[in-house]
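The values are calculated or read from the model by the stated rules, or taken from the named source; none is laboratory data. Because the structure is predicted, anything quoted here is derived from the model rather than measured. Positions of Cβ are backbone-derived with ideal geometry, glycine not excepted, and every protein chain shown enters the neighbour counts. We work out accessible area using only protein heavy atoms, side chains counted, and drop any ligands, DNA or RNA first. Shrake-Rupley method; radii C 1.70, N 1.55, O 1.52, S 1.80 Å.
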Amino acid sequence: MRILLLNWRDIKNPQSGGAEIATFEIAKRLVKHGHKVVQISSSFKNSKKREIHDGIEIIRMGGTFTIHILAFLHYQKYLKGKFDLVIDQIHGIPFFTPIYIKEPKIAYIHEVAGSVWFHEWPFIIGLIGLLLEKLYFKIYKNIIFITASNSTRKQLIKNGQNSKNIKQVHYGLTIEKSYFKYSFRKEQKPTIIIVSRLTQSKRIEDIIKGFLLVKKEVNQPRLWIVGRGKKSYITQLKKIIKKSKLKNDINFFGFVSQKKKFELLSKAWVISSASVKEGFGLSIIEAGYCKTPAVVYNVDGLKEAVINNKTGLVCKRNTPEELAKNIKILLINSKLRNELAKNAQVFSKQFNWDKSAKKFEEVMLKIISKKSSE
């Protein structure tokens, strides 16, 4: 099968996150299954215009605000009629493929942006984005959607999509034996970790404020922040840290390799997330595999990645105070922390990219089969 994948970012983009990891893990397995995958995504600093990565042919052009129109023009000029199926990945704004592509299509969506628009963009742009989001779903009325979480599924139905057209394909885990060549002991000092893209919608400042409260009652805690993101937002976070006099207690690791990420996850005591919403919460599942339980806000995606009181704690109220309260419980109560850690690892092992890719492929083949029989 010849597959065209339209996504605003590819796995090598410095701004890539969990959605890009999911896309890449599925796509490279489709290639291994004998399919041809061509991905069109935006360019970034020093990126190649074309390259083959794990069998996926990546074509890059434009940027965040131009990739959608340039993908349309490139398709019309060079790719029209050359593919059996098109995957239109939606991040706030879709590629509007139902308007100009006749081939069978799948809309791959990780989250319905909703209020995220107002956290990531100025008010006017956020309002335009939110209004567009409500309108474009009408264009995708008869398109099959694939998503990872039941929360997103419910949001799609709320936005007018037929429940029968929504297929759920869970995320998986990217684990290699080399990541755990050495066994990692938990840090001696109570350590909280964040693994995330550093953008406004992740509300990292809430975790920093919560950490300040934790520090008042827990001896020598530390906070590790792992990930990359918007420079302006990172500067803002560092100002908060400087003002709070937490500089010696908080480490920014920036972007790290997969191997290093799993090392840090294994050494931490607790992982935390305060996102506005998530497609699922991949880093939470990865932490669970490393026997690191989670404390998260009660929002779409995260409340599925954590089973409350079994693999971690889900806040009753989404405030730094509530976050701090739950983090303190796990840092102080080693018996509860170890119990949740064991459960989190068991829970994480049900997520497998090979199974996910197979299910994704089954959805594609059914669409192709239905189209050919019409």
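So here's what we get for this one:
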read-out	value
Residue match in the stretch 101-114 (condition: open to solvent by 70 Å² or more (accessible area, probe 1.4 Å), in contact (Cβ under 8 Å) with a residue 24 or more places away in the chain and either more than 28 Å from PHE24 (Cβ to Cβ) or among the small types (Gly, Ala, Ser) (or both))	no
LYS209 in a loop (DSSP other than H, G, I, E, B), of a type in the set (D, E, K, R) and open to solvent by 20 Å² or more (accessible area, probe 1.4 Å)	no
Which listed residue is among the charged types (D, E, K, R) and over 18 Å from ASN159 (Cβ atoms), from GLU111, GLU120, GLU133	GLU120
Pair list, Cβ < 9 Å and 6+ apart or interchain, from the stretch 128-145 residues that are closer than 16 Å to GLU111 by Cα and without any contact (Cβ under 8 Å) to a residue 60 or more places away in the chain to residues that are among the aromatic types (Phe, Trp, Tyr) and in a helix (DSSP H, G or I)	GLY129/TRP117; GLY129/PHE118; LEU130/TRP117; LEU130/PHE118; GLU133/TRP117
Of all residues in the stretch 212-236 being open to solvent by less than 10 Å² (accessible area, probe 1.4 Å) and β-branched (Val, Ile, Thr), the one that is farthest from GLY18 (Cα to Cα)	VAL214
Sole exception among (1) more than 19 Å from LEU331 (Cβ to Cβ); (2) surrounded by 17 or more Cβ atoms within 10 Å (Cβ to Cβ) for LYS239, by number	(2)
Test: ILE368 is closer than 16 Å to VAL295 by Cα and over 26 Å from the mean Cα position of the chain (by Cα)	no
Segments classed as strands (runs of 3 or more DSSP E), wholly inside the stretch 1-87, with at least 1 members that are open to solvent by 20 Å² or more (accessible area, probe 1.4 Å) and of a type in the set (Lys, Arg)	2-6, 36-41, 50-53
Residues satisfying the stated conditions in the stretch 326-337, i.e. farther than 18 Å from ILE284 by Cβ and free of Cβ contacts under 8 Å to residues at least 12 places away in the same chain	ASN333, SER334, LYS335
Odd one out for GLY92, checked against (1) at pLDDT 90 or above; (2) touching a helix residue (DSSP H, G or I) at 6+ places or on another chain (Cβ under 7 Å)	(1)
Some residue of the stretch 115-122 being in contact with a Lys or Arg (Cβ under 7 Å, 6 or more places away or on another chain), of a type in the set (Val, Ile, Thr) and farther than 23 Å from LYS371 by Cα	yes
Total residues in the stretch 208-263, condition over 25 Å from LYS177 (Cα atoms), touching a strand residue (DSSP E or B) at 6+ places or on another chain (Cβ under 6 Å) and of a type in the set (Val, Ile, Thr)	3
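The rows are residues; the columns are (1) modelled with pLDDT under 85; (2) surrounded by 13 or more Cβ atoms within 10 Å (Cβ to Cβ); (3) among the aromatic types (Phe, Trp, Tyr).
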position: ILE125; (1), (2), (3): yes, no, no
position: GLU133; (1), (2), (3): yes, yes, no
position: PHE137; (1), (2), (3): no, yes, yes
position: THR147; (1), (2), (3): no, yes, no
